[in-house]
Amino acid sequence: MIKAINISKKYAGNTVLSIENLEIPKGQCFGLVGNNGAGKTTFFNLLLDLIQPSTGQIILNEIQVDKSEEWKSFTGSFIDESFLIGYLTPEEYFYFVGELRGMNKADIDAFLVQFTDIFNAEILGAKKYLRDLSKGNQKKVGIIAAFIGNPEVIVLDEPFASLDPTTQIRLKQLLKSVVDKQRVTLLISSHDLGHVTEVCDRIVVLEKGKIVKDLSTSTETLQELESYFTV
Amino acid sequence: MIARFMKLEWKQFFRSSYWQKSIAINILMVFLGLYFIIMFLGLGLALFPMLEKYFPDTDPFVQVNNFVFYWLLGDLMMRFFLQKLPVMDVKPLLVLPLKKSKIVHYVLNKSASSFFNLLPLFAIIPFSLVLLSKDYPMAAVTVWAFSMLVFTFIINFLNFIIESKSSETEFSLLPILLLVSSLLALNQFNIISFSSMVAVSINYLVASPWGVIAPILILFAVYWVNFKMLIGKLYIDGSLKKGTKSVATNELTWTRKLGAIAPFLQLDLKLIWRNKRPRSTILMLVMSLFYGLIFYPNPTYQEMPGMLVFVGIFITGIFMINFGQFIPAWDSSYYNMLMSQNIKYKTYLDSKYKLMMASAVLLFVLSMPYVYFGWDILLIHFAAMVYNIGVNTHVLLYGGSFNRKQIALDKSAAFNYQGTGAVQWIIGFPLMALPILLFYISYKLINYEAGIATLIILGVLGMVFHRKLMKFIVQRYKKNKYAMIAAFSQSN
């Protein structure tokens, strides 16, 4: 589904990411961990063609992301708050994204029903603009919007950060179910080793832009990761 | 401490991507500054002989004070439109061990070194030197020059009070226009003769130098008001304020008929209506519609068709000039999202084009009552509308691909006055000057009808080649995509 071939990103001669070969098969839940500055967000930004690769290419379902824009129709993503339109209400934002992905108002309303407990009655019908919601609630809106339109690939950068404990648990269940039932290829990054090992089938550790570990999740994975990050 | 503040700002200025991309504009600003300096120098030197010539019966040193009132009003107007409020990104400083008063004093004192305070000196000093060379007493001239300087600073701080108060209102131009025009009217109809009051007071100052304390006290008073005003704003709850009132949503279902561009058009309409800054551009439209009333009733302008073309372009194009020059910066705060969504650049830009086009047509229709002043005015408006739709829209969209300055829509008004400086007016200038020039050339070489035809033909050509032009413009945006994303995610 996703192939990164010889991809690298340099800023003024400084290499921040350099991956020789990475393949993510369809339906895999792929977790990316690493300390600050390891290159997690850079990788996602390259994948979404928001920054230009210095070398190499990323191929999403046979489409090279910086050559064609066709991949956008089956990729949902949420990186940070700059993905939200502050002067829309959450509903309007969902409708807007829905419209770009060929879903009408009724489709979106039906789609949103399954997230009622995540929204916790604070988001839908609150008659507030997104800019007036709390950081956590904004994040919920962004994450849910990434699921609109049955995407085949979903990219979430640090989805668990700044969410309340209840929502973190619900989000984990949600992520597992989309991967299991809909065969979605899910890419997440996280600083929380517990969450990411619980959700993902495969975990890649980045350090200074390079892949240093590529693990298939098992019962020992969490311990292995913890000992790796204990310096 | 002041040195440290200055270092911060220096870095902010030179490290912003905006600076690096707009060297041309900065050079233009320098030239504009030089131009004003030369103009003021000329005024300072020529003022004395001119007063002598036109008012042979009165002493020029007395006569000049009759004009000080107008000078001060002009100064105030110029500052309101061109001088930016002293800004500083204060939020990171608030939690540091710094006295709040220190930050405010710094911001205010910094404004004292503004070019707009320097400029009057280029007229005041030469005029004073001329006075001295004509054997006026040293003491009187010094007091005069000094009090003029104090007045300049009073206007400086007065302007900030007016500007920050009026930026809190919906219609930011109204207070200053009301103030200046009512002062002028009261003066003109001799209800309260401010100009002679000012003249009498200055003459008194020159005669008895101790009176200079009065303007100095006024200066301290306006400074103090500014200080109180700013220190009250040094809390972040301005920007943290929760939107407690519930918002009304409108489906704008009529836009559905427009097909693929509908979602973007809806977004743009909401953008304009729900954010203060773009909303004020809408309110400007109402103002500009009346702009023609200044020119059309006056027969002298009827002889100057170039001027009428200017009015026509301005009236039918005011929205596109104000809105269009910030495409796509209006969407800068969520540009990342737009770029990773299922969006074609073409439809995105097309919706902006249609919006600007619709505004030109609407403004043309609204300006139809001007037919009262003659059919040729309607014709000029029509030609200007066609030119705006065919040419200026594409120029604006093309220019947008050079846009590198983020607009923070959701920032509170306090300490946030982006894009309200001289630069905005400079960008609008070629959009209006070029059609006037084109009209004027064919008007002089052939005749009036040819001038009108030139504008219409250019506009129609633009519309005919719309697809081709858009293709080219879309290419530009694609090429600049990464640079724009990087610049828009920079918050300063």
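The values are calculated or read from the model by the stated rules, or taken from the named source; none is laboratory data. Fair warning: this is a prediction, and the values are worked out from it, not measured in the lab. Cβ coordinates were reconstructed from backbone atoms using ideal geometry, including for glycine residues, and neighbour counts include every protein chain displayed.
Taking helices (runs of 4 or more DSSP H) as the structural unit, those lying wholly within segment B:52-152 and holding at least 1 residues that are within 26 Å of B:ALA3 (Cβ to Cβ) correspond to B:91-94, B:100-112, B:115-118, B:121-133.
Per the listing B:GLN490, B:GLN475, the residue uniquely under 30 Å from the mean Cα position of the chain (by Cα) and either among the polar types (S, T, N, Q) or outside the structural domain of B:GLY317 (by TED's automatic domain parsing) (or both) is B:GLN490. Taking helices (runs of 4 or more DSSP H) that do not extend beyond segment B:443-492, which have at least 1 residues that are within 14 Å of another protein chain (Cβ to nearest Cβ) and loosely packed, with under 14 Cβ neighbours inside 10 Å? Helices (runs of 4 or more DSSP H) meeting the threshold: B:466-479. Inclusion of B:ALA248 among residues that are assigned to a loop (DSSP other than H, G, I, E, B) and either at the interface with chain A (Cβ under 9 Å from one of its Cβ atoms) or at pLDDT 70 or above (or both) is warranted. Among the residues of segment A:45-69, just one is more than 10 Å from every other protein chain (Cβ to nearest Cβ) and either assigned to a helix (DSSP H, G or I) or among the aromatic types (Phe, Trp, Tyr) (or both), namely A:LEU46. Restricting attention to segment B:378-411, the residues being surrounded by 21 or more Cβ atoms within 10 Å (Cβ to Cβ) and either outside the structural domain of B:TYR482 (by TED's automatic domain parsing) or within 18 Å of B:PHE439 (Cα to Cα) (or both) number 12. Summed over segment B:196-224, residues that are under 27 Å from the mean Cα position of the chain (by Cα) and surrounded by 18 or more Cβ atoms within 10 Å (Cβ to Cβ) total 3. Among the conditions (1) in contact (Cβ under 8 Å) with a residue 24 or more places away in the chain; (2) in contact with a helix residue (DSSP H, G or I) (Cβ under 6 Å, 6 or more places away or on another chain); (3) assigned to a strand (DSSP E or B), the only one that A:ILE188 does not satisfy is (2). In segment A:1-44, of all residues being under 27 Å from A:GLN182 (Cα atoms) and aromatic (Phe, Trp, Tyr), the one that is nearest to the chain's Cα centre (by Cα) corresponds to A:PHE44.
Checking segment B:73-95 against the condition returns a match, with at least one residue being surrounded by fewer than 13 Cβ atoms within 10 Å (Cβ to Cβ) and free of Cβ contacts under 8 Å to residues at least 60 places away in the same chain. Of the candidates B:LEU293, B:LEU283, the single residue that is in the same structural domain as B:HIS466 (by TED's automatic domain parsing), under 19 Å from the mean Cα position of the chain (by Cα) and modelled with pLDDT under 85 is B:LEU283. Every condition in (1) exposed (fewer than 15 other Cβ atoms within 10 Å of the Cβ); (2) at negative phi is met by B:ASN190 except one, and the failing one is (2). Within segment A:1-24, the residues that satisfy the criterion of being exposed (fewer than 12 other Cβ atoms within 10 Å of the Cβ) and under 28 Å from A:SER218 (Cβ atoms) are A:ASN21, A:GLU23. When you scan segment B:289-310, do you find a residue that is in contact (Cβ under 8 Å) with a residue 60 or more places away in the chain, within 14 Å of another protein chain (Cβ to nearest Cβ) and farther than 16 Å from B:GLY400 by Cα, even just one? There is no residue in segment B:289-310 that is in contact (Cβ under 8 Å) with a residue 60 or more places away in the chain, within 14 Å of another protein chain (Cβ to nearest Cβ) and farther than 16 Å from B:GLY400 by Cα. Out of curiosity, is B:TYR398 in contact with a helix residue (DSSP H, G or I) (Cβ under 8 Å, 6 or more places away or on another chain), within 14 Å of another protein chain (Cβ to nearest Cβ) and not hydrophobic (A, V, I, L, M, F, W, C)? No: the conditions fail for B:TYR398.
Filter segment B:340-367 for residues that are within 27 Å of the chain's Cα centre (by Cα) and either surrounded by fewer than 17 Cβ atoms within 10 Å (Cβ to Cβ) or within 14 Å of chain A (Cβ to nearest Cβ) (or both) and give the result.
Result: B:SER351, B:LYS354, B:ALA358, B:VAL361, B:LEU362, B:VAL365, B:LEU366.
Selection of segment B:337-373 for residues being free of Cβ contacts under 8 Å to residues at least 24 places away in the same chain and either part of a helix (DSSP H, G or I) or over 30 Å from A:VAL141 (Cβ atoms) (or both) yields B:MET337, B:LEU338, B:SER340, B:ALA358, B:LEU362, B:VAL365, B:MET368, B:PRO369, B:VAL371, B:TYR372.
Among the candidates A:LEU133, A:LEU174, A:LEU156, A:LEU163, the residue that is within 12 Å of chain B (Cβ to nearest Cβ) and touching a residue at least 12 places away in the same chain (Cβ under 8 Å) is uniquely A:LEU133. Checked against (1) within 11 Å of another protein chain (Cβ to nearest Cβ); (2) surrounded by 21 or more Cβ atoms within 10 Å (Cβ to Cβ); (3) under 17 Å from the mean Cα position of the chain (by Cα), A:ILE144 passes all but a single condition, namely (1). Within segment A:83-117, being surrounded by fewer than 18 Cβ atoms within 10 Å (Cβ to Cβ) and either assigned to a helix (DSSP H, G or I) or within 9 Å of chain B (Cβ to nearest Cβ) (or both) holds for A:GLY102, A:LYS105, A:ALA106, A:ASP107, A:ASP109, A:ALA110, A:PHE111, A:VAL113, A:THR116, A:ASP117.
Does B:LEU131 fit the bill of being of a type outside the set (Ser, Thr, Tyr) and more than 19 Å from B:LEU72 (Cβ to Cβ)? So B:LEU131 fits the description; yes. Taking the conditions (1) within 15 Å of A:LYS210 (Cα to Cα); (2) more than 14 Å from chain B (Cβ to nearest Cβ); (3) at pLDDT 90 or above; (4) not in a strand (DSSP E or B) in turn, A:ALA4 satisfies each one other than (4).
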